[in-house]
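Here is the structure we will look at.
A short reminder: the numbers here are calculations on the coordinates, not readings from a lab. Everything numeric in this text was worked out from a predicted model, so none of it was measured. For neighbour counting, all protein chains shown are included, and Cβ atoms are generated from backbone atoms with ideal geometry for every residue, glycine included.
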Amino acid sequence: MGRFLYGAFMTHSPQVDHHVLNEFNVKSPELIAETNIARIWRVVRHDQSFSVLKVYKGDDMLNEAAGVVYLQNCNGEGAARVFQSSKNAFLMEYLDGPTLGDLSRGGDDHKAAHILVETAKNLGQVKFDQNYDWPELSEWIFELDQLERGASWTDKNWQCIEQSRHLAKKLISNQTDIAVLHGDLHHDNIMSGARGYCAIDAKGVIGDRAYELANAVSNPIGVEDLMIQPGRIAFLLNLWSDAFEIDRIRFLEWIIAQRGMSISWSGNHIPSDHISFKLLDIFIELYESDR
């Protein structure tokens, strides 16, 4: 689940295998980011333009393979172009930023919100390969279903988790508008480049279209005080449900389900006062009042 972090400072100097550089016909690699499973390099292509080469540390892409196929299917429509791929590496369009997260952190949160939904709508126009074995959204609730109560969690924390789990099961069992989704569409996974704002770091998952924007309401990192403001939440709910043509209450249900899933992916060691619990509590209170 690694994220592209352009411009990150590196404390070591690994090298790209020259066979990989030859395979992709690139040169002058500059390490710009590293995740647990991959290294990301800015490289120079044969036409002297910059590109991004992501090389995985193992023999394959693990759970990121579907995301690469997703970006390839997009063919530049709302997403960064993938020029070439192999079993454990791919070459992608270079985007120099900023991200929509940078816009929000810089005080332009409303502009970022409008661009995000337009990007989501563009992605929704893509015709994806229906013969590919896409992961299913239903598989993503496993950790939430199995989650045990954290030692520091309050009764309210646990009640929120149980409400999230209940909604997740209900929604998964009653998915209506099934589509191939980016799966992790939020502010810091949309970056500006020569062709405008493009999505990156897709997961590639098939499921209810209303899930696509659910994670973005709790983003980006760095604006936590803004995230919990009722005015901001209401603005995003109204803007994105209207523009994406999804029922507002159903959208809110997916937001609650996704927040619980996000907590479960991090395990039950998250402190009781974590921003995720604050948001989950706010979302549930809003849901109960709006039903």
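Note on region 154-291: percent of Cα-Cα distances in each 10 Å bin, starting at 0 and stopping at the bin with the largest distance, equals 11, 43, 37, 8, 1.
Computed from the Cβ-Cβ distance with R0 of 25 Å, the FRET efficiency linking Asp177 to Lys111 stands at 0.35. Rounded to whole Å, the principal axis extents of the Cα atoms in region 123-191 read 45, 31, 18, largest first. Each Lys and Arg adds +1 at its Cβ and each Asp and Glu adds -1 at its Cβ; summed about the Cα centre, region 230-291 shows a dipole of about 140 debye.
Globularity index of the chain is 1.02 (Cα radius of gyration / 2.2 N^0.38 Å, N = number of residues).
Phi-derived couplings, Karplus 6.51 cos²θ - 1.76 cosθ + 1.60 at θ = phi - 60°, listed residue by residue for region 182-198: 4, x, 8, 7, 8, 4, 7, 10, 10, 10, 7, x, 4, 9, x, 7, 9 Hz, with x used for Gly and Pro. Remark: the Phe235-Tyr132 segment gains 33.4 nm on full extension, using 0.36 nm per residue and subtracting the alpha carbon distance. Each principal axis of the Cα cloud of region 56-135 was taken in turn, and the coordinate range along them, longest first, works out to 42, 29, 21 Å. Be a star and scan region 163-195 for residues whose amide nitrogen sits under 19 Å from the point 7 Å along the Cα-to-Cβ vector of Ile249. Label zone hits: 163-177.
For the chain, find the longest principal axis of its Cα atoms and tell me its angle to the long axis of helix 109-123, 0 to 90°, nearest 10. Orientation of helix 109-123: about 70 degrees from the principal axis. With Rh defined as the Kirkwood radius, the inverse of the mean 1/r over Cα pairs, the Rg/Rh of region 166-246 is 0.99.
Modelled spin-label separation between Asp273 and Ala194, with each label point placed 7 Å from Cα along the Cα-to-Cβ direction: 4.9 nm.
The share of C-alpha pairs in region 18-93 whose separation exceeds 19 Å stands at 31 percent.
Summing Cβ point charges (Lys, Arg +1; Asp, Glu -1) relative to the Cα centre of the chain gives a dipole of roughly 360 debye.
Which pairs, out of Lys57/Lys111; Lys57/Lys121; Lys203/Lys278, put more than 32 Å between their alpha-carbon atoms? Walk me through the numbers on the way to the answer.
Numbers: Lys57/Lys111 37 Å; Lys57/Lys121 34 Å; Lys203/Lys278 26 Å.
From the list (Lys57/Lys111; Lys57/Lys121; Lys203/Lys278), the Cα-Cα distance tops 32 Å for Lys57/Lys111; Lys57/Lys121.
A DSSP coil position with no more than 16 other Cβ atoms inside 10 Å describes the following trypsin sites (Lys or Arg not before Pro) in region 178-256: Arg195.
Placing a pseudo-label 7 Å from each Cα along the Cα-to-Cβ vector at Glu143 and Asp155 gives an inter-label distance of 2.9 nm.
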